[in-house]
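The values are calculated or read from the model by the stated rules, or taken from the named source; none is laboratory data. Bear in mind the structure is a predicted one, so any value in this text is a computation, not a measurement. Cβ placement follows ideal geometry from the backbone for every residue including glycine, while neighbour counts extend to all protein chains displayed. Remember, those area values only see protein heavy atoms, side chains included, never the ligands or the DNA or RNA. Shrake-Rupley method; radii C 1.70, N 1.55, O 1.52, S 1.80 Å.
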Amino acid sequence: MNGIEVELSMKFTSRDLSLKRTPSKKQSGVFGVKITVVTKRERSKVPYIVRQCIEEVEKRGIEEVGIYRISGVATDIQALKSAFDMNTKDVLVMLSDMDINAIAGTLKLYFRELPEPLLTDRLYPAFVEGIALSDPAAKENCMLHLLRSLPDPNLNTFLSLLGHLKRVAEKEPVNKMSLHNLATVFGPTLLRPSESEHKAYTNTVSDIWSHEVMAQVQVLLYYLQHPPISITELKRNTLYFSTDV
């Protein structure tokens, strides 16, 4: 039999590069634009894109196996991204017709492309230090104090997403997405510092994808496992914990 020689060319993208934040050069859209700018423009507490994607996932995707873990079709995600950026009136029709994994992917992409992480560059070191505290009471005081330190749009959006992810995890017997699975998917997306800040924290890719990612996952998992957190309660309760943030 004649042998057939096949030559394969494969290109791998570093996971480090795949999570680089890409700030938008224009301020008219929503992707790559500061969340404070978007909420002020929309006169909303939580960006429209976040509210609509969450609503659609909860309407018809909350029992989808692997929701948020399974990738959507890239072209569909880009189509939704463009629709939200252009504020087209067809976006609601597109959401209702689009594959649910593409909608989940669009939400993840929005958070990944924020100019700085939702939990902010400034507070990132404190989140990493707080989650490492061994005393449960001190850890809770620290972690709740850090939430209160977030800008209002960031806090409102984080708590909205947090409630959503908890509702997704309630369907774990069906969708196979536990709190830990969801924390693994969203932790780096919500916490990983922007490129300029990130260089100060790590030196090697191996460092990034071991210690740091574990910490990012653990931070989100802590909040997912915590009893419900309300903004009113956060603002009302003054916890005596001192930290440099």
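Summary of computed values
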quantity	calculated
Which numbered condition Asn175 fails, given (1) surrounded by fewer than 20 Cβ atoms within 10 Å (Cβ to Cβ); (2) in contact with an Asp or Glu (Cβ under 7 Å, 6 or more places away or on another chain)	(1)
Scan of region 221-236 for residues that are small (Gly, Ala, Ser) and either farther than 26 Å from Met177 by Cβ or surrounded by 14 or more Cβ atoms within 10 Å (Cβ to Cβ) (or both), ordered by number	none
Some residue of region 131-148 being open to solvent by 30 Å² or more (accessible area, probe 1.4 Å) and within 25 Å of Ser44 (Cβ to Cβ)	yes
Inter-residue pairs, beta-carbon under 7 Å, first open to solvent by less than 70 Å² (accessible area, probe 1.4 Å) and in region 63-75, second in a loop (DSSP other than H, G, I, E, B), 6+ apart	Gly66/Lys176; Gly66/Met177; Ile67/Gly61; Ile67/Met177; Tyr68/Met177; Gly72/Asp99
Complete set of residues in region 205-217 that are modelled with pLDDT of 85 or more and either crowded, with 18+ Cβ neighbours inside 10 Å or on the phi > 0 side of the Ramachandran plot (or both)	Glu212, Val213, Ala215, Gln216, Val217
Residue match in region 160-175 (condition: at pLDDT 95 or above, of a type outside the set (D, E, K, R) and farther than 21 Å from Leu224 by Cβ)	no
Complete set of residues in region 95-130 that are among the hydrophobic types (A, V, I, L, M, F, W, C), open to solvent by less than 10 Å² (accessible area, probe 1.4 Å) and not in a helix (DSSP H, G or I)	Leu114, Leu118, Leu119, Leu123
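Yes/no matrix, rows are residues, columns are (1) exposed (fewer than 13 other Cβ atoms within 10 Å of the Cβ); (2) modelled with pLDDT under 95; (3) in contact with a helix residue (DSSP H, G or I) (Cβ under 7 Å, 6 or more places away or on another chain):
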residue	(1), (2), (3)
Phe12	yes, yes, no
Asp16	no, yes, yes
Ser24	no, yes, no
Ser28	yes, yes, no
Lys40	yes, no, no
Met86	no, yes, no
